[in-house]
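The values are calculated or read from the model by the stated rules, or taken from the named source; none is laboratory data. If you're wondering where the values come from, they're calculated on a predicted model, not measured in any experiment. Cβ placement follows ideal geometry from the backbone for every residue including glycine, while neighbour counts extend to all protein chains displayed. The area values use the complete protein model at the heavy-atom level, side chains included, leaving out ligands, DNA and RNA. Shrake-Rupley method; radii C 1.70, N 1.55, O 1.52, S 1.80 Å.
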Amino acid sequence: MVKTTIRELTNHEAQMVCLQGWVSNKRSSKALFFIELRDGSGFCQCVVDQNNVSEEVFQKAKDLSLASSVRITGQAVKDDRQIGGYEIKVEDLDVLQIVEEYPISNKAHGIEFLMEKRHLWLRSRRQWAVMRIRSRVKFTIHKFFQERGFIQTDAPIFTGAACEGTTTLFETDFYGDPAYLSQSGQLYAEATAMAHGKVYTFGPTFRAEKSKTRRHLSEFWMIEPEMAYYDLDMDMELIEDFIRYIVTDIYENYKPELEILERDLTLFENIHKPFPKITYDDAIKILKGKKDVDGKNAIQTLENDLAEVKNRIEECKKDIAEREANIAAGGMKKGAVNFNKNKIDTLKQEISKLEEKERNIPQWLESAKNFQHGEDLGGSDETVITRLFDTPVMVYKWPKDIKAFYMKRDEEDDNYVKGVDCLAPEGFGEIVGGAEREDNLDLLVERIKEHDLPMEAFEWYLDLRRYGSVPHAGFGLGFERLIMWLTNVSHIRETIPFPRYYGRLFP
RNA sequence: UGCUCCUUAACUCAGUUGGUUAGAGUGCCGGCCUGUUAAGCCGAGAGUCGUCGGUUCGAGUCCGACAGGGGCAGCCA
């Protein structure tokens, strides 16, 4: 008998093994118990057969409850019906603790309840899969940059001033002086890039905006590469290689996790295609329906969506009415009545979600149709544009007034800057924001004044242009947004073990 | 911060134009079933209807304030 983990079972086929874990589900019949065990490395069904075990072991199996901790000894048997491909024929059980009543059942829970129980929720199958992917992506990011000669450098978390101005920051007391928690490491990355050539930072970032949306956190992680002697084109090329590298790695190595998450794999299968690169001006034309993408029109697509939603609401209502009539007619068995009542509840919930969409889509249409050149793309605008693509899209050459002060002016047209946003497909929206940086001292000073930023706070930054200024570029990637996109979880709160956001500081 | 929807059992939700004792499913507990994948079937227990105030003979239901949550927008990653 050998102590092992579920993930390692493939090396112990037909052998006696001992697994140490927790009960994640239990099903029973008269002489059989199916115990779904998780041990951190995976999930595995363990079968307790009355004919195979002692009376005592059978009774122990009967007493096991959800989340109880247990050591299970038995034979590892290959079974293709199981998710991990193996099953344990149990011979002995060693119970460490029987749990009275585990708060999280295998049924529906709301996000608020689950967040209160986040410390337990992390044990659930989907959360487990998300955290494994998070870990892998973190590793792969380091691998990507290290393989290409980048040096990882750290930006400070306490800062004396806002890096980019506008954002709301968390204020702390730093030996009597106000200090702010960092909202970006980019400016510091520019400094270390002038020391090492190619660098990246990977650290936590803090924003004190009172945003309660599925895309925002108060504390999140950012990756910010910065490269000396890079221009915007090289920057975009790097972004594309980087995203393709990560997506490919997850696709090739994390299929079981993607399966648990029920991730549609279209994204992963299309990732080899070149990412379209379009200018801001073209993006606006697409948004306003004046330019099609592969024969798909943005406004038309949105109108079709709305019609589809309305149709579906009607279908649901009809279905509900029929089921209610059938129940009222009588003569139905209790089980069938319950089934129909459940179905009606499900349909009602679907309707309330659809009605939310029905309220939102017309607003998105309005926003798209009335979009004025020079405005920044809003969340819904990004959704509208990226619905039309099946790979990430690069949008570059932005009006200077809506972008940060440090972006380099476009040599061809003074009104634009050499910035780029990488938008993820399937309506997801922005995951990367990057730019070639302004390397001319006078122009940079001018921009700081235009943005009304405190010049003295940027003196050290201006030194980078005084002493050996070179063209350079970089980008910033929101780590949790990337994970959210890869795993397709509905809320960014699920992509970090203990999320911090407006109204949430515990657990 | 603005708009909008919501708060009823441990969980997810029904509850019609205000009217006796408040409904279901799930979970927990008991029973049945030899292969289940959110198993199934039968049974039992479980509620200060978010808080405060108002209208009314009567409020889960109507009105107001407050608190908390979801969605969207803004801000952004």
Tell me whether the range A:44-58 contains one or more residues that are farther than 23 Å from A:Gln127 by Cβ, more than 14 Å from RNA strand B (Cβ to nearest atom) and open to solvent by 80 Å² or more (accessible area, probe 1.4 Å).
yes
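Could you list, in sequence order, the residues of the range A:471-483 that are open to solvent by 10 Å² or more (accessible area, probe 1.4 Å) and over 16 Å from A:Thr205 (Cβ atoms)? Spell out how you get there, then give the answer.
To start, the set of residues in the range A:471-483 that are open to solvent by 10 Å² or more (accessible area, probe 1.4 Å) comprises A:471, A:476, A:478, A:481.
Selection gives A:Pro471 alone.
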Of A:Ala193, A:Ala155, A:Ala129, which residue is in contact (Cβ under 8 Å) with a residue 60 or more places away in the chain and under 30 Å from A:Ser24 (Cβ atoms)?
A:Ala129
Checking A:Pro256 against (1) open to solvent by 20 Å² or more (accessible area, probe 1.4 Å); (2) in contact with a Ser or Thr (Cβ under 9 Å, 6 or more places away or on another chain); (3) not charged (D, E, K, R), the condition it does not meet:
(2)
Does A:Ile98 count as touching a Cys at 6+ places or on another chain (Cβ under 9 Å) and among the aliphatic types (A, V, I, L, M)?
no
Here the residues within the range A:61-82 that are more than 17 Å from A:Thr10 (Cα to Cα) and open to solvent by 60 Å² or more (accessible area, probe 1.4 Å) are A:Lys62, A:Asp63, A:Arg71
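Farther than 17 Å from A:Glu226 by Cβ, at pLDDT below 95 and not assigned by TED's automatic domain parsing to the domain that holds A:Glu252: is that true of A:Pro454 in this structure? Working first, answer last.
On the way: farther than 17 Å from A:Glu226 by Cβ: yes; at pLDDT below 95: yes; not assigned by TED's automatic domain parsing to the domain that holds A:Glu252: no.
Criteria not met by A:Pro454.
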Taking the residues in the range A:26-43 that are open to solvent by less than 50 Å² (accessible area, probe 1.4 Å) and part of a loop (DSSP other than H, G, I, E, B) as candidates, determine which candidate is nearest to RNA strand B (Cβ to nearest atom).
A:Ala31
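In the range A:104-130, which residues are near RNA strand B (Cβ under 8 Å from one of its atoms) and either exposed (fewer than 14 other Cβ atoms within 10 Å of the Cβ) or under 25 Å from A:Asn253 (Cβ atoms) (or both)? Lay out the reasoning, then the answer.
If we filter the range A:104-130 for residues that are near RNA strand B (Cβ under 8 Å from one of its atoms), which is where we start, we get A:105-115.
Of everything in the range A:104-130, those that are near RNA strand B (Cβ under 8 Å from one of its atoms) and either exposed (fewer than 14 other Cβ atoms within 10 Å of the Cβ) or under 25 Å from A:Asn253 (Cβ atoms) (or both) turn out to be A:Ser105, A:Asn106, A:Lys107, A:Ala108, A:Gly110, A:Ile111, A:Glu112, A:Phe113.
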Total residues in the range A:387-401, condition surrounded by fewer than 21 Cβ atoms within 10 Å (Cβ to Cβ), at pLDDT 90 or above and within 12 Å of RNA strand B (Cβ to nearest atom)
0
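Return yes or no: is A:Leu19 in contact (Cβ under 8 Å) with a residue 60 or more places away in the chain and out of contact with any helix residue (DSSP H, G or I) (no Cβ under 6 Å at 6 or more places or on another chain)? Show your work before the answer.
Numbers: in contact (Cβ under 8 Å) with a residue 60 or more places away in the chain: yes; out of contact with any helix residue (DSSP H, G or I) (no Cβ under 6 Å at 6 or more places or on another chain): yes.
Judged against the criteria, A:Leu19 is a match.
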Which condition does A:Pro274 not pass, out of (1) touching a residue at least 60 places away in the same chain (Cβ under 8 Å); (2) more than 30 Å from A:Glu190 (Cα to Cα); (3) away from RNA strand B (no atom under 16 Å from the Cβ); (4) not aromatic (Phe, Trp, Tyr), if it passes all the others?
(2)
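Table: residues versus (1) open to solvent by less than 30 Å² (accessible area, probe 1.4 Å); (2) of a type in the set (Phe, Trp, Tyr); (3) within 9 Å of RNA strand B (Cβ to nearest atom).
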{"position": "A:Asp442", "(1), (2), (3)": "no, no, no"}
{"position": "A:Asp452", "(1), (2), (3)": "no, no, no"}
{"position": "A:Glu456", "(1), (2), (3)": "no, no, no"}
{"position": "A:Tyr461", "(1), (2), (3)": "yes, yes, no"}
{"position": "A:Asn488", "(1), (2), (3)": "no, no, no"}
{"position": "A:Glu494", "(1), (2), (3)": "yes, no, no"}
{"position": "A:Pro497", "(1), (2), (3)": "no, no, no"}
{"position": "A:Tyr501", "(1), (2), (3)": "yes, yes, yes"}
Name, by its number, the condition in (1) open to solvent by 10 Å² or more (accessible area, probe 1.4 Å); (2) free of Cβ contacts under 8 Å to residues at least 40 places away in the same chain that does not hold for A:Phe268.
(1)
Determine whether A:Leu181 is within 15 Å of RNA strand B (Cβ to nearest atom), of a type in the set (A, V, I, L, M, F, W, C) and either modelled with pLDDT of 90 or more or touching a Phe, Trp or Tyr at 6+ places or on another chain (Cβ under 8 Å) (or both).
yes
Answer residue from the range A:370-386, given it is of a type in the set (Gly, Ala, Ser) and free of Cβ contacts under 8 Å to residues at least 24 places away in the same chain and is surrounded by the most Cβ atoms within 10 Å (Cβ to Cβ) among those
A:Ser380
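Looking at this structure, is A:Gly85 within 27 Å of A:Val130 (Cα to Cα), more than 7 Å from RNA strand B (Cβ to nearest atom) and open to solvent by less than 80 Å² (accessible area, probe 1.4 Å)?
Against the criterion (within 27 Å of A:Val130 (Cα to Cα), more than 7 Å from RNA strand B (Cβ to nearest atom) and open to solvent by less than 80 Å² (accessible area, probe 1.4 Å)), A:Gly85 qualifies.
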Among (1) touching a residue at least 40 places away in the same chain (Cβ under 8 Å); (2) part of a helix (DSSP H, G or I); (3) more than 16 Å from RNA strand B (Cβ to nearest atom); (4) not hydroxyl-bearing (Ser, Thr, Tyr), there is one condition A:Glu252 misses while meeting the rest; what is its number?
(1)
Condition check: open to solvent by less than 60 Å² (accessible area, probe 1.4 Å), within 15 Å of RNA strand B (Cβ to nearest atom), polar (S, T, N, Q) and modelled with pLDDT of 95 or more. Does A:Thr192 satisfy that?
no
